[in-house]
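Asks: Below: one structure in structure tokens.
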Amino acid sequence: MVFTKKFCKVLAKTLAVCAFIYSFQIVYSLPSDLLMYEGEGHTINMINPVVLKGGESVLIKKASPISNKVDIIPKKSGKHKISLSLLGVIPFKTLEVNVKKADTLIPGGNAIGIKLHSDGLIVVGTSEVVDINKNPKNPAKDAGVKEGDVIVEANGQKLSSSKDFANIIKNAPEGIVELKILRNDTPINITVNGALCENNEYKLGIWVRDGTAGVGTLTFYNPKTREYGALGHPISDVDTGIIYKTLDGKITRCIVKDVKKGRSGWPGELVGSFAAEKEIGDIRKNTTMGIFGYLFDKDILKLTKEYPVALKWQVKEGKASILATLEGEEVLEYDAEIISISKLFYNNNKNMIIKITDERLLKKSGGIVQGMSGSPILQDGKIVGAVTHVFVNDPTKGYGVFIENMLNLLENQN
């Protein structure tokens, strides 16, 4: 086949445009800020005409004049800026590089009991009541109370439990209850006129929940601060999906008694027992990336070996492992694989998809089950993240969150 000069020129221009577009896609896929460790460089792909410029604190180095690989090498701790420009002349983006000493954490994998007491009462539903004259009424619904509302006060009293709420209703003059409610974090006031029912009791026709309890997995412990992280996702109300605002909470030792094996359409679960007298830590934050608090005594869980913390740009597709407890209190390491990493959701709790490959775990549980949320993910001798969700239709797979994201959220909320 013979190519004309005109065809060759068009082809060359097309390839140049494609390279230009590809280069800018790479540039704009970069976050506006980048966390790096002292002495650890980061290599990115970059194509002309984009030029990176650092300075004395951050060295920018190309592998060769014709290579599209650029090394970013931090020279000292602190916050530094890298400019990205077209042909080294027209600036169009600035990348802030935060350089710090490498972090280390002790990975968990321990099953823990979780007891959370919410700040306010979550409305899980309203219902009809029959008044003393046998008439059906729905006082709460008629007054405007909705499922998912959070009741924080009743008749001027702050609520700490559903028992408190019941006592306020019982003692309310003529059954009139003034509610202070948070709806989508917006405060509103609602007056509910209770219906007088049998035994001369007033009822509002409202169902509330003040907390929850369950089994999860410890992700990490920081021996320097005594802080821990677990779950990798928030504790939410099972009916409304509302994230509990933490008033008080504790974690306890948990002994795994049984594993209900997962299958397509049903994720399975860890069955464990825990007791209040074995509380080992508190819960101070319930966030989109897990629960955080302070551990009273790390020796109870036999937490000893520290691992370097991987930054999210260091996580890669390939072999990995998870730590989990499937029997008693014994933490074991199981083979897994990170099969994809999502930059589209770089700052939430679904950053990667992990697949269980260990035959022992697949035989025992079918893969990831409820209660394993928080299981630390290890790769290349580093802690890289935590398991967060199981795929209901394929329990061998699940989502994971970057450990960097968990630590950033913890730091920002301190």
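Asks: Scanning for something in contact with a Lys or Arg (Cβ under 6 Å, 6 or more places away or on another chain), closer than 19 Å to Glu411 by Cβ and not in a loop (DSSP other than H, G, I, E, B), does region 315-331 turn up at least one residue? Spell out how you get there, then give the answer.
Replies: Just the residues of region 315-331 that are in contact with a Lys or Arg (Cβ under 6 Å, 6 or more places away or on another chain), to begin with: 326.
Imposing the further condition that a residue be closer than 19 Å to Glu411 by Cβ reduces the set to none.
The answer is no; no qualifying residue exists.
Asks: Same structure, new question: Looking at (1) under 17 Å from Pro234 (Cα atoms); (2) touching a residue at least 60 places away in the same chain (Cβ under 8 Å); (3) in contact with a strand residue (DSSP E or B) (Cβ under 6 Å, 6 or more places away or on another chain), find the lone condition where Ile383 falls short.
Replies: (1)
Asks: Related question: I'm trying to understand the selection: among the residues of region 279-295, which are under 20 Å from the mean Cα position of the chain (by Cα) and buried (at least 20 other Cβ atoms within 10 Å of the Cβ)? Before the answer, list the steps.
Replies: Pass one, region 279-295, residues under 20 Å from the mean Cα position of the chain (by Cα): 281-295.
Passing the criteria: Gly281, Ile283, Asn286, Thr287, Met289, Gly290, Ile291, Phe292, Gly293, Leu295.
Asks: On to the next question. Could you please let me know if Lys298 is among the charged types (D, E, K, R), within 27 Å of Ser365 (Cα to Cα) and surrounded by 15 or more Cβ atoms within 10 Å (Cβ to Cβ)? Full working, then the answer.
Replies: On the way: among the charged types (D, E, K, R): yes; within 27 Å of Ser365 (Cα to Cα): no; surrounded by 15 or more Cβ atoms within 10 Å (Cβ to Cβ): yes.
Here the answer is no, as Lys298 does not meet what is asked.
Asks: If Ile283 satisfies all but one of (1) among the hydrophobic types (A, V, I, L, M, F, W, C); (2) closer than 18 Å to Ala324 by Cα; (3) at pLDDT 90 or above, what's the number of the condition it fails?
Replies: Only one criterion in (1) among the hydrophobic types (A, V, I, L, M, F, W, C); (2) closer than 18 Å to Ala324 by Cα; (3) at pLDDT 90 or above is unmet by Ile283, namely (2).
Asks: Another one. One residue is enough: does region 148-159 have a residue meeting the conditions closer than 21 Å to Asp237 by Cα, touching a residue at least 40 places away in the same chain (Cβ under 8 Å), in contact with a Gly (Cβ under 9 Å, 6 or more places away or on another chain) and surrounded by fewer than 19 Cβ atoms within 10 Å (Cβ to Cβ)?
Replies: Yes; the residues of region 148-159 include at least one that is closer than 21 Å to Asp237 by Cα, touching a residue at least 40 places away in the same chain (Cβ under 8 Å), in contact with a Gly (Cβ under 9 Å, 6 or more places away or on another chain) and surrounded by fewer than 19 Cβ atoms within 10 Å (Cβ to Cβ).
Asks: I'd like to know if region 306-318 contains one or more residues that are of a type outside the set (Val, Ile, Thr), crowded, with 17+ Cβ neighbours inside 10 Å and more than 23 Å from the chain's Cα centre (by Cα).
Replies: no
Asks: Here's another thing I want to ask about it. Which number in (1) surrounded by 24 or more Cβ atoms within 10 Å (Cβ to Cβ); (2) more than 18 Å from Asn110 (Cβ to Cβ) marks the one condition that Lys382 misses?
Replies: All conditions pass for Lys382, except number (1).
Asks: Is it the case that some residue within region 234-246 is in a strand (DSSP E or B) and farther than 17 Å from Gly290 by Cβ?
Replies: No, region 234-246 has no match at all.
Asks: Further question: Report the residue count in region 144-193 for those that are within 15 Å of Ile206 (Cα to Cα) and assigned to a strand (DSSP E or B).
Replies: So the count comes out to 15.
Asks: Tell me the residue from Phe391, Phe402 that is of a type in the set (Phe, Trp, Tyr) and farther than 24 Å from Thr225 by Cα, please.
Replies: On the way: Phe402 fails: farther than 24 Å from Thr225 by Cα.
Step by step, each of Phe391, Phe402 is checked, and only Phe391 is of a type in the set (Phe, Trp, Tyr) and farther than 24 Å from Thr225 by Cα.
Asks: So, one more: Within region 177-192, identify whether any single residue is surrounded by fewer than 19 Cβ atoms within 10 Å (Cβ to Cβ) and under 22 Å from the mean Cα position of the chain (by Cα), and answer yes or no.
Replies: Within region 177-192, one or more residues are surrounded by fewer than 19 Cβ atoms within 10 Å (Cβ to Cβ) and under 22 Å from the mean Cα position of the chain (by Cα).
The values are calculated or read from the model by the stated rules, or taken from the named source; none is laboratory data. It should be emphasised that the depicted structure is a prediction, and the values quoted were computed from it without experimental measurement. In this analysis, Cβ positions are derived from the backbone assuming ideal geometry, glycine residues included, and neighbour counts consider all displayed protein chains.
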